Amino acid sequence: MNTTLFLIQCLNGLQLGVLLFLVAAGLTLVFGVMDFINLAHGVQYMLGAYLAVTFTALTGNLFLALPLALMAALALGLVLEVVVFRHLYDRDHLEQVLATFGIILFLNQGVKIVWGAAPLSVPVPEALQGSIAIAQGVLYPVYRLAIIGSGLAVALALHLVINHTRVGMLIRAGSTNAPMVSALGVDIRRLFMIVFGFGAMLAGFAGIMIAPILSVEPGMGDQILILAFVVIVIGGIGSIRGAFIAAILVGLVDTLGRSFSVDILRSFGMGPANARAVGPAISSMLIYVLMAAVLFFRPSGLFPAKGR
Amino acid sequence: MLRSPRLIPILLFALLAAVPLAGLFIRDGYLLSLFTRVMILAIAAISLDLILGFGALVSFGHAAFIGIGAYAMGILASHGQEGLLAGLVMALAASALFALITGAISLRTKGVYFIMITLAFGQMAFYTAASLRAYGGDDGLTVARRSLVFGSRLLENDRVFYYAVLASLIGVYLLCRMIVGSRFGRVLQGAKQNPQRMQAIGFNPYPYQLAAYVIAGMIGGFAGFLLANQTEFVSPAYMSWQRSGELIVMVIMGGIGSLHGAVIGAAAFLLLEEWLSGFTEHWKVIFGPMLVLIVLFMRGGILGFLARISGAKNG
């Protein structure tokens with residue numbers, strides 16, 4: 001275990017964490033404000049990545065594609081809200097799980113029909129290519145730093161919107177007691193729609209940003225969805241702050257676990273062959289162990305939204 | 001007619017018993033294996049319905065039990081223990097142990113947190129299975145032959161195996177029916193409706209829910225044992241979270257909280273999958289929206305729908 005590798009893996013963990021936060025933020029808001037389990041949130045991330053592929057091909061540049069793809073992701077999210085989701089808000093969680101599971105099946109397959117089953121890729125924009133030295137002799141890709149930076153910027157903006165604007169106040173009030181907010185004369189359905197569209201756009205943003213460094217393929221949203229659920233459960237449902245801290249925590253634990261589990265096991269006196277066999281399994285499990293442990297000691301997560 | 005609660009399950013089991021007869025005329029081994037699979041997953045779906053429909057415990061990791069039962073059978077067989085009894089005892093014991101430990105922890109949480117923590121345990125089981133290098137790891141494990149009944153290869157005959165599975169399904173159904181009707185089952189349902197009130201009249205729901213969770217887990221493990229026997233193959237894919245999702249879909253699609261609804265749901269799910277995939281490889285594009293429509297317009301699943309149309313006829 002050397003320091004250079006450790007530093008790089010910490011940054012990789014941070015990058016995964018930031019990405020997870022972008023997906024989890026929408027999920028936790030939708031969940032917290034509307035009490036709605038949206039399994040289809042992961043496919044919105046996938047759609048973002050595919051939209052990035054298409055618009056980058058059309059415009060020739062990820063920077064130009066970004067606003068177009070964001071608008072398209074927002075539009076798709078709103079269409080889904082109007083056509084399906086708004087009819088599900090007052091149903092119980094099980095029915096929401098079933099219906100959104102159906103949407104996952106539909107969109108995963110629909111993407112295969114439109115874009116084909118083969119993995120696609122997006123070139124890293126020229127301005128962000130290459131690596132820079134972040135410390136003596138430690139090179140790190142610029143694009144990954146850009147992801148970390150933009151993710152942190154979005155987190156800050158979200159923090160300001162939630163805590164210092166009128167819409168943010170309504171969202172906070174809604175996640176504490178939606179019927180009361182409605183009784184005070186706020187059009188709660190419109191608030192729901194705003195939150196939903198916004199969440200879809202954030203997930204889409206995550207998908208767009210990751211498209212250049214990950215292969216874009218059907219089903220890519222499923223894995224991140226499960227991770228995002230782990231994040232919001234650890235953080236406490238409905239809490240943006242909790243989602244942020246939990247996302248960074250999960251990103252770091254997962255990445256560092258994967259790179260160092262074998263070394264750590266060996267330092268505990270396990271033979272090399274055994275460590276290599278057990279290490280990957282333990283590191284894949286690590287975040288679930290973390291989640292189970294958090295829930296064992298704090299059954300509503302680390303930062304449960306007040307009043308729930 | 002369909003309102004009579006006993007008639008539907010009897011009709012259902014009679015239909016299942018008649019499937020191999022159709023095989024006599026059209027000589028279709030495929031039909032037999034499809035319906036064997038339907039019944040095995042129906043057993044798993046019934047066990048999920050026991051905790052989901054009667055205890056409101058939404059387990060999103062139920063496929064783990066199928067995997068554990070299957071691996072118990074496969075691992076024993078790979079060490080030369082191919083007896084039916086040994087495999088069965090091992091499958092039940094392993095799934096009971098897993099259910100006891102994970103249930104004791106999971107049941108401390110409520111609602112959505114329960115859904116997510118059961119998912120977490122399911123994923124842990126999945127990755128553990130994938131790391132079992134000695135037993136195939138990611139690729140899974142091929143089982144040489146089906147379990148031996150006192151040394152004989154009786155179950156190798158597909159028709160015999162079919163009826164053995166059917167008998168298991170009916171047995172599991174009756175067992176769950178008895179559990180639901182018992183005092184134990186009433187406490188479970190009471191805790192679903194109003195935990196505070198249950199506590200006020202002197203019942204602590206926790207041990208009852210834990211017992212139900214362990215029973216459901218063992219039945220799930222039993223289904224896994226049968227699945228390993230049918231396919232003669234065991235793989236971590238049995239425990240993926242999508243599988244757990246599919247089990248929930250089966251229960252809700254058939255009609256939650258009725259036990260035989262789970263059988264109908266399992267049959268509907270697998271038959272639709274077969275039928276639609278015959279038209280197009282993109283069958284999920286049709287199946288997905290169907291699920292949405294079922295939720296929006298068919299409350300109570302297929303059973304609820306049947307009850308409504310028969311209710312409409314009777315005025």
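The values are calculated or read from the model by the stated rules, or taken from the named source; none is laboratory data. Here the structure is a predicted model, which means the values were calculated and not measured. Counting neighbours? That spans all protein chains shown, and the Cβs are built from the backbone with ideal geometry, glycine included. To get the accessible areas, we keep the full protein, side chains included, count just its heavy atoms, and leave off ligands, DNA and RNA. Shrake-Rupley method; radii C 1.70, N 1.55, O 1.52, S 1.80 Å.
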Looking at B:Leu31, B:Leu41, B:Leu50, B:Leu76, which is the one that is within 16 Å of the chain's Cα centre (by Cα) and either surrounded by fewer than 24 Cβ atoms within 10 Å (Cβ to Cβ) or farther than 19 Å from B:Val165 by Cα (or both)?
-> B:Leu50
For segment A:225-233, state whether one or more residues are assigned to a helix (DSSP H, G or I) and open to solvent by 10 Å² or more (accessible area, probe 1.4 Å).
-> yes
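Residue-wise test of (1) of a type outside the set (Asp, Glu); (2) surrounded by fewer than 22 Cβ atoms within 10 Å (Cβ to Cβ); (3) within 14 Å of another protein chain (Cβ to nearest Cβ).
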site: B:Ile215; (1), (2), (3): yes, yes, no
site: B:Phe222; (1), (2), (3): yes, no, no
site: B:Phe225; (1), (2), (3): yes, no, no
site: B:Ala228; (1), (2), (3): yes, no, no
site: B:Ser244; (1), (2), (3): yes, no, yes
site: B:Gly261; (1), (2), (3): yes, no, yes
site: B:Gly265; (1), (2), (3): yes, no, yes
Exactly one condition in (1) within 21 Å of the chain's Cα centre (by Cα); (2) at positive phi; (3) of a type in the set (Gly, Ala, Ser) is not met by B:Gly103; state its number.
-> (2)
Mind checking which helices (runs of 4 or more DSSP H) fall wholly inside segment A:136-224 and carry at least 3 residues that are open to solvent by 60 Å² or more (accessible area, probe 1.4 Å), free of Cβ contacts under 8 Å to residues at least 24 places away in the same chain and not charged (D, E, K, R)?
-> A:142-164, A:166-183
If you check every pair at least six apart or on different chains, which have Cβ atoms under 6 Å apart with a residue in segment A:93-117 that is more than 16 Å from A:Gly42 (Cα to Cα) and more than 7 Å from every other protein chain (Cβ to nearest Cβ) first and a residue that is buried (at least 18 other Cβ atoms within 10 Å of the Cβ) and of a type in the set (Ser, Thr, Tyr) second?
-> A:Trp115/A:Tyr50
Just wondering, is there one or more residues in segment B:99-115 that are assigned to a loop (DSSP other than H, G, I, E, B) and open to solvent by 30 Å² or more (accessible area, probe 1.4 Å)?
-> yes
If A:Ser131 satisfies every condition in (1) within 30 Å of B:Gly265 (Cα to Cα); (2) in contact with a helix residue (DSSP H, G or I) (Cβ under 9 Å, 6 or more places away or on another chain) but one, which is the exception?
-> (1)
Matching residues in segment A:267-303 - criterion: being more than 19 Å from B:Ala120 (Cα to Cα) and open to solvent by 50 Å² or more (accessible area, probe 1.4 Å) | A:Ser267, A:Phe268, A:Gly269, A:Met270, A:Pro272, A:Ala273, A:Asn274, A:Arg276, A:Phe303
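For every residue, the table says whether it meets (1) more than 10 Å from chain A (Cβ to nearest Cβ); (2) in contact (Cβ under 8 Å) with a residue 12 or more places away in the chain; (3) closer than 27 Å to A:Arg298 by Cα.
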site	(1), (2), (3)
B:Ala72	yes, yes, no
B:Leu85	yes, no, no
B:Leu92	yes, yes, no
B:Ala99	yes, yes, yes
B:Thr109	no, no, yes
So A:Val83 clears everything in (1) β-branched (Val, Ile, Thr); (2) touching a residue at least 40 places away in the same chain (Cβ under 8 Å); (3) surrounded by fewer than 19 Cβ atoms within 10 Å (Cβ to Cβ); (4) within 11 Å of chain B (Cβ to nearest Cβ) except one condition, right? Which one?
-> (2)
